[in-house]
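Engineer: Have a look at this one.
The values are calculated or read from the model by the stated rules, or taken from the named source; none is laboratory data. Every value quoted in this text rests on a predicted model; they were computed, and no experiment measured them. Glycine also receives a Cβ, built like all others from the backbone with ideal geometry; neighbour counts cover every protein chain displayed.
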Amino acid sequence: MTDIEIPFEKDRHGHYRFFEILPGVLSWLLLFMPIILSFVNVTAAVVFILAYLLIYFVRSIGFSLAGLRGYRIMKKHLKLDWRVLVDDVENGSIGSGDNTERPEWHKSNIERLKTSSNPYKPSDLMHAVIIATVNESREVLEPTIRSIIDGLQDNKRLILVFAYEGRAGKETEDRVIRLVEEYREFFYDAFAVKHPANVPGEVIGKGANISCAGRYLKDYIEEQQIDPKKVIVTTLDADNRPDKRYFLGVSYLYCVVPDPIRASYQPLPMFTNNIWDAPTMMRVIATGNTVFYIVGTTRPHRVRNFSAHAQSMQALIDMNFWSVRTVVEDGHHFWRSYFHFNGDYRAYPLSIPVYQDAVLADGYFKTIKAQFVQLRRWTYGASDIAYVADKGFFHKNSISKSDLIAKFLNLLEGHVTWATGTILVFGAAFIPPLIAPLSFAANEIPLIVSRIQMVGLVGLLASVYVCLVTLPPRPTRYKKHRSILMVLQWAITPFTGVAFGSLAAFNSQTRLMFKRYLSKFDVTEKAVVTREGDVVSSEADPGHSA
């Protein structure tokens with residue numbers, strides 16, 4: 001089996017450093033390509049820009065269509081009676097004597113189970129939920145617990161675990177212990193696990209925190225004589241609120257997929273908890289992220305772990321839980337699992353939401369900073385490019401090389417496009433006429449590009465539609481004109497794409513180029529607006545020692 005640990009920073013040399021530098025070099029080169037080509041051959045610059053924009057345009061149309069399709073799938077899944085579907089799986093046959101709608105894919109799953117080797121039934125399973133917290137307030141944590149309790153699952157087959165940071169001090173410890181004591185009776189059991197500060201070999205981050213809780217959970221289920229193959233572990237951030245159908249949906253998937261141990265289960269992240277409270281720029285980013293992940297549910301081959309996700313306890317034990325050496329433990333965990341299982345691993349999308357917060361801190365400028373820091377952490381997933389190349393191409397494994405190469409190129413292209421896409425689409429056309437003002441082709445390119453962009457607005461309208469229909473009801477504390485802003489806000493999409501997406505991606509990739517690694521998980525400050533309009537906030541990461 002391939003060693004799945006990401007190397008320590010001091011041990012990254014040779015080919016590993018080459019692939020750490022590669023995404024940044026490609027992004028900076030692509031960014032300056034219109035300038036370089038305009039000096040060398042302006043016609044070549046025009047052809048390059050047009051080719052890039054046409055590719056981007058075609059992909060954008062496909063993205064928009066996939067967004068509409070993903071929304072329809074989500075809407076259908078939220079209308080299904082998942083309890084009935086789970087009962088069918090339990091019984092191994094379609095129930096008779098009721099008028100419940102059953103989709104064709106469910107009927108196919110039931111037929112396939114008759115000859116399947118999957119030995120699990122929903123009644124065999126238990127769920128464990130690990131909620132990671134640092135210094136979030138009760139106003140953030142309690143709604144998360146309530147959303148779990150209010151689910152359709154049997155809570156007496158669910159274990160609640162708080163993973164909290166010892167460095168956050170006694171106030172955090174007291175808060176989570178009080179919540180555990182108040183809510184334990186609703187679950188099979190509930191407890192809080194303290195992650196010690198300053199553990200050698202660990203970066204300060206969520207991965208180390210939830211891994212500490214995972215090891216405690218492992219010992220607990222051994223004492224309870226519970227089979228870890230029958231325990232599904234879901235990790236949640238403090239503000240993650242699963243839809244009431246979520247645990248039934250995960251149980252269903254676990255019992256119908258070919259090999260549930262060699263898989264993870266990815267619900268749909270929707271950043272709508274506080275979307276009406278967030279400032280305009282943060283709303284644009286949050287709703288754009290929601291559409292991105294809705295699109296992802298229509299592309300199973302490209303699904304990766306993000307934020308809230310679920311996996312078999314047995315698989316987590318086998319791979320020693322999550323990585324404690326990276327600040328992007330969620331996306332990295334996909335690759336960690338992929339190499340642990342020698343490529344025989346998949347992440348299944350589940351079109352059932354886990355509702356999350358848009359970025360909101362106590363104060364506008366604090367919120368802007370928190371948003372950039374969050375996206376910098378997300379874009380630091382570019383660090384996985386070197387990891388995938390190293391484990392895939394420089395360590396012995398039996399992974400299909402065609403599958404590995406396709407996944408590697410997709411990962412690389414995604415991060416390069418994240419950095420350069422918005423800037424080139426909205427800015428590249430102005431470069432040739434500035435450098436070669438007498439060139440006819442150079443002066444025509446802005447006009448051609450503007451027409452392409454106008455057609456591209458049709459695709460943007462599809463995304464706007466998906467965002468509007470997925471909004472929660474407007475709180476009564478806001479007047480109707482805020483609903484109008486939800487439409488008009490999309491005019492600043494180019495600005496937010498550059499100021500937060502592109503710059504964050506360039507920041508992360510340039511850090512990797514010069515070994516300025518992100519060695520600490522930057523916790524996003526979470527403020528809550530109460531029904532009365534008051535703001536409750538807490539320091540993002542107090543950094544106290546235990």
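Engineer: List the pairs whose first member sits in segment 476-497 and is touching a residue at least 60 places away in the same chain (Cβ under 8 Å) and assigned to a loop (DSSP other than H, G, I, E, B), whose second member is aromatic (Phe, Trp, Tyr) and surrounded by 11 or more Cβ atoms within 10 Å (Cβ to Cβ), and whose Cβ atoms are under 6 Å apart, counting only residues at least 6 apart or on separate chains?
Structural biologist: Once the first residue is touching a residue at least 60 places away in the same chain (Cβ under 8 Å) and assigned to a loop (DSSP other than H, G, I, E, B) and sits in segment 476-497, its partners that are aromatic (Phe, Trp, Tyr) and surrounded by 11 or more Cβ atoms within 10 Å (Cβ to Cβ) give 478/276.
Engineer: Same structure again: Applying the selection to segment 503-527, what residues are at pLDDT 85 or above, surrounded by 14 or more Cβ atoms within 10 Å (Cβ to Cβ) and not charged (D, E, K, R)?
Structural biologist: Answer for segment 503-527, where residues must be at pLDDT 85 or above, surrounded by 14 or more Cβ atoms within 10 Å (Cβ to Cβ) and not charged (D, E, K, R): 503, 504, 505, 506, 507, 508, 509, 510, 512, 513, 517, 518.
Engineer: Ok, one more. Under 7 Å between Cβ atoms, at least 6 apart or on separate chains: pull out the pairs that start in segment 362-385 with a residue that is without any contact (Cβ under 8 Å) to a residue 12 or more places away in the chain and buried (at least 19 other Cβ atoms within 10 Å of the Cβ) and end on any residue that is in a helix (DSSP H, G or I) and of a type in the set (Gly, Ala, Ser).
Structural biologist: none
Engineer: May I ask you to list the residues in segment 386-416 that are under 23 Å from residue 63 (Cβ atoms) and either surrounded by fewer than 20 Cβ atoms within 10 Å (Cβ to Cβ) or among the hydrophobic types (A, V, I, L, M, F, W, C) (or both)?
Structural biologist: Answer for segment 386-416, where residues must be under 23 Å from residue 63 (Cβ atoms) and either surrounded by fewer than 20 Cβ atoms within 10 Å (Cβ to Cβ) or among the hydrophobic types (A, V, I, L, M, F, W, C) (or both): 406, 408, 409, 410, 411, 412, 413, 414, 416.
Engineer: In addition: Is it the case that residue 112 is surrounded by 14 or more Cβ atoms within 10 Å (Cβ to Cβ) and not hydrophobic (A, V, I, L, M, F, W, C)? Break it down stepwise before answering.
Structural biologist: Details: surrounded by 14 or more Cβ atoms within 10 Å (Cβ to Cβ): no; not hydrophobic (A, V, I, L, M, F, W, C): yes.
Spelling it out, it is not the case that residue 112 is surrounded by 14 or more Cβ atoms within 10 Å (Cβ to Cβ) and not hydrophobic (A, V, I, L, M, F, W, C).
Engineer: Scan segment 114-133 and tell me whether some residue there is hydrophobic (A, V, I, L, M, F, W, C) and either more than 26 Å from residue 320 (Cβ to Cβ) or modelled with pLDDT under 95 (or both).
Structural biologist: no
Residues checked against (1) touching a helix residue (DSSP H, G or I) at 6+ places or on another chain (Cβ under 6 Å); (2) aliphatic (A, V, I, L, M):
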{"site": "142", "(1), (2)": "no, no"}
{"site": "158", "(1), (2)": "no, yes"}
{"site": "161", "(1), (2)": "yes, yes"}
{"site": "174", "(1), (2)": "no, no"}
{"site": "177", "(1), (2)": "no, yes"}
{"site": "213", "(1), (2)": "no, yes"}
{"site": "228", "(1), (2)": "yes, no"}
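Engineer: Just the residues that are assigned to a strand (DSSP E or B) and either modelled with pLDDT of 80 or more or among the basic types (Lys, Arg) (or both), please, taken from segment 528-546.
Structural biologist: Selection gives 528, 529.
Engineer: On to the next question. Which ranges mark the strands (runs of 3 or more DSSP E) fully within segment 125-205 that have 1 or more residues being of a type in the set (Lys, Arg)?
Structural biologist: Numbers: elements: 126-133, 158-165, 189-195.
Strands (runs of 3 or more DSSP E) meeting the threshold: 189-195.
Engineer: Name the residue, out of 136, 185, that is crowded, with 21+ Cβ neighbours inside 10 Å and of a type in the set (Asp, Glu). Walk me through it before giving the result.
Structural biologist: Values: 185 fails: crowded, with 21+ Cβ neighbours inside 10 Å.
When all the criteria are applied, what remains is 136.
Engineer: While we're looking at this one, here's another question. If only one of 102, 72 is free of Cβ contacts under 8 Å to residues at least 60 places away in the same chain and within 27 Å of residue 462 (Cβ to Cβ), which one is it?
Structural biologist: Numbers: 102 fails: within 27 Å of residue 462 (Cβ to Cβ).
Result of the check over 102, 72: 72.
Engineer: Restricting to segment 271-288, name every residue that is under 17 Å from the mean Cα position of the chain (by Cα) and under 19 Å from residue 141 (Cβ atoms).
Structural biologist: Within segment 271-288, 271, 272, 273 qualify.
Engineer: Is there any pair with a first residue in segment 502-528 that is basic (Lys, Arg) and a second that is at pLDDT below 95 and in a loop (DSSP other than H, G, I, E, B) whose Cβ atoms are under 6 Å apart and which are 6 or more apart or on different chains, and what are they?
Structural biologist: Within 6 Å, the pairs are 526/136.
Engineer: If you don't mind, there's one more thing I want to ask. Residue 323 versus (1) surrounded by fewer than 24 Cβ atoms within 10 Å (Cβ to Cβ); (2) hydroxyl-bearing (Ser, Thr, Tyr); (3) assigned to a loop (DSSP other than H, G, I, E, B): which is the lone unmet condition?
Structural biologist: Checking residue 323 against (1) surrounded by fewer than 24 Cβ atoms within 10 Å (Cβ to Cβ); (2) hydroxyl-bearing (Ser, Thr, Tyr); (3) assigned to a loop (DSSP other than H, G, I, E, B), the one that fails is (1).
Engineer: Restricting to segment 188-210, count the residues that are surrounded by fewer than 22 Cβ atoms within 10 Å (Cβ to Cβ), of a type outside the set (Val, Ile, Thr) and touching a residue at least 12 places away in the same chain (Cβ under 8 Å).
Structural biologist: Number satisfying all stated conditions: 10.
Engineer: Filter segment 466-502 down to residues that are of a type in the set (Phe, Trp, Tyr) and surrounded by fewer than 16 Cβ atoms within 10 Å (Cβ to Cβ) and give me whichever is farthest from residue 65 (Cα to Cα).
Structural biologist: Taking segment 466-502 first, the residues of a type in the set (Phe, Trp, Tyr) are 478, 490, 495, 500.
Now drop any that are not surrounded by fewer than 16 Cβ atoms within 10 Å (Cβ to Cβ), which leaves 478, 495.
Values: 478: 32, 495: 24 Å.
Per the criteria, the residue is 478.
Engineer: Going by what's in this entry, would residue 221 be described as surrounded by fewer than 23 Cβ atoms within 10 Å (Cβ to Cβ), hydrophobic (A, V, I, L, M, F, W, C), over 25 Å from residue 302 (Cα atoms) and out of contact with any helix residue (DSSP H, G or I) (no Cβ under 7 Å at 6 or more places or on another chain)?
Structural biologist: No: the conditions fail for residue 221.
Engineer: Among the residues of segment 292-313, which ones are under 12 Å from the mean Cα position of the chain (by Cα), aliphatic (A, V, I, L, M) and crowded, with 22+ Cβ neighbours inside 10 Å?
Structural biologist: If the condition is that a residue be under 12 Å from the mean Cα position of the chain (by Cα), aliphatic (A, V, I, L, M) and crowded, with 22+ Cβ neighbours inside 10 Å, then 294, 308 are the ones that fit.
Engineer: Which numbered condition in (1) in a helix (DSSP H, G or I); (2) of a type in the set (Asp, Glu); (3) under 14 Å from the mean Cα position of the chain (by Cα) is the only one that residue 357 fails?
Structural biologist: (1) is the only condition that residue 357 fails.
Engineer: When the residues of segment 386-406 are filtered to those that are in contact (Cβ under 8 Å) with a residue 24 or more places away in the chain and basic (Lys, Arg), which remaining residue is farthest from residue 332 (Cα to Cα)?
Structural biologist: Step by step, filter segment 386-406, then rank; the result is 396.
Engineer: On the basis of being within 25 Å of residue 248 (Cα to Cα), assigned to a helix (DSSP H, G or I) and small (Gly, Ala, Ser), does residue 117 make the cut?
Structural biologist: Considered against the rule, which asks whether it is within 25 Å of residue 248 (Cα to Cα), assigned to a helix (DSSP H, G or I) and small (Gly, Ala, Ser), residue 117 comes out as no.
Engineer: Go through the residues of segment 226-244 one by one and say whether even a single one is assigned to a strand (DSSP E or B), in contact with a Gly (Cβ under 8 Å, 6 or more places away or on another chain), crowded, with 19+ Cβ neighbours inside 10 Å and hydrophobic (A, V, I, L, M, F, W, C).
Structural biologist: yes
Engineer: Could you identify the single residue in 106, 77 that is farther than 28 Å from residue 379 by Cα and touching a strand residue (DSSP E or B) at 6+ places or on another chain (Cβ under 7 Å)?
Structural biologist: 77
Engineer: Taking residue 479 as the residue in question, decide whether it is modelled with pLDDT of 85 or more and at positive phi.
Structural biologist: Taking the combined requirement at face value, the residue does not satisfy it.
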